[in-house]
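Read through the structure below, which is laid out as structure tokens, and then see the notes.
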Amino acid sequence: MEPRSAAAAGRDFPYTAGTTCYIEVHEDGRVTHGDSRAAYERAVAGRSRLFAVWPGQWSSDLFLIDDLDEYAKAHGIKHDQDRTGLSEHVHDVAWTEETAFKNTNPRSPYISICLTMKCGCEIRNLDAFAKQMLEQQGWNVATSVGWGSSSGPEGTTYSLRVQRKSLGA
């Protein structure tokens, strides 16, 4: 039985789902697992092939990762404006400290902020935004906690946690 094509599943393929298991078969026959930039680079260079197991309710399917470009975009190896909502430019942002929370500890290393994207971008992928803001402004945006947004006539406001000292606050 041949593996199915991940490319045939299109944008519905769960490249970043926590239950998707990646298998890399190296040119020397070694088999390793995990998704990484190095695995992507080896596959692009033809030194390995990437597969993924997509578990279902009653059985799992084996897929060949035959669209490495889509894999790279999903994993943030290549920038994808459609997925992230973020252009590749220096973002014009405005932020204020969120004061609605009762647990605002001035000694806490992280603070909650309300942020607006004055440049017209939207945050669809927190990891991509955090990476861009670290590179552009030195912000350390927390990606392991919840975040959210609210929209109104004045635009969209995002609620994020950011390391206090990285903001210069």
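The rows are residues; the columns are (1) among the acidic types (Asp, Glu); (2) outside any loop (DSSP other than H, G, I, E, B).
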| residue | (1), (2) |
| --- | --- |
| Met1 | no, no |
| Arg11 | no, yes |
| Pro14 | no, no |
| Asp35 | yes, no |
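Going through (1) at pLDDT 85 or above; (2) closer than 25 Å to Thr84 by Cβ; (3) not hydrophobic (A, V, I, L, M, F, W, C) one by one, Ser60 falls short only on (2).
Scanning region 115-149 for residues that are assigned to a loop (DSSP other than H, G, I, E, B), among the polar types (S, T, N, Q) and under 13 Å from Arg161 (Cα atoms) turns up Asn140, Thr143, Ser144. Here the condition is being more than 21 Å from Glu88 (Cα to Cα), open to solvent by less than 20 Å² (accessible area, probe 1.4 Å) and out of contact with any His (no Cβ under 9 Å at 6 or more places or on another chain); of Ile113, Ile123, it holds for Ile113 alone. Screening region 58-98 for residues that are part of a helix (DSSP H, G or I) and among the basic types (Lys, Arg) and picking the one that is nearest to Met1 (Cα to Cα) gives Lys73.
Applying the condition of being closer than 11 Å to Trp95 by Cβ and at pLDDT 90 or above to region 142-169 and asking which residue is farthest from the chain's Cα centre (by Cα) yields Thr157.
Among the criteria (1) among the acidic types (Asp, Glu); (2) modelled with pLDDT of 90 or more; (3) over 30 Å from Glu2 (Cβ atoms); (4) touching a Ser or Thr at 6+ places or on another chain (Cβ under 7 Å), the one Asp127 does not fulfil is (2). Leu62 falls short on exactly one of the conditions (1) loosely packed, with under 12 Cβ neighbours inside 10 Å; (2) more than 30 Å from Lys165 (Cα to Cα); (3) over 21 Å from the mean Cα position of the chain (by Cα), and that condition is (1). Considering only region 14-26, I want to know if a residue exists there that is surrounded by fewer than 16 Cβ atoms within 10 Å (Cβ to Cβ) and on the phi > 0 side of the Ramachandran plot. Looking for residues that are surrounded by fewer than 16 Cβ atoms within 10 Å (Cβ to Cβ) and on the phi > 0 side of the Ramachandran plot, one finds none in region 14-26, hence no. Evaluated against (1) farther than 30 Å from Lys165 by Cα; (2) within 15 Å of the chain's Cα centre (by Cα), Leu68 falls short on exactly one condition, (2). For region 27-41, a residue qualifies if it is farther than 16 Å from Lys78 by Cβ and either of a type outside the set (Val, Ile, Thr) or surrounded by 16 or more Cβ atoms within 10 Å (Cβ to Cβ) (or both), and the qualifying residues are Glu27, Asp28, Gly29, Arg30, His33, Gly34.
The values are calculated or read from the model by the stated rules, or taken from the named source; none is laboratory data. Since the model is a prediction, treat every value here as computed from it, not as a measurement. Every residue, glycine among them, receives a Cβ derived from its backbone with ideal geometry; neighbour counts consider all protein chains shown. Calculation scope for accessible area: heavy atoms of the full protein, side chains included, ligands and nucleic acids excluded. Shrake-Rupley method; radii C 1.70, N 1.55, O 1.52, S 1.80 Å.
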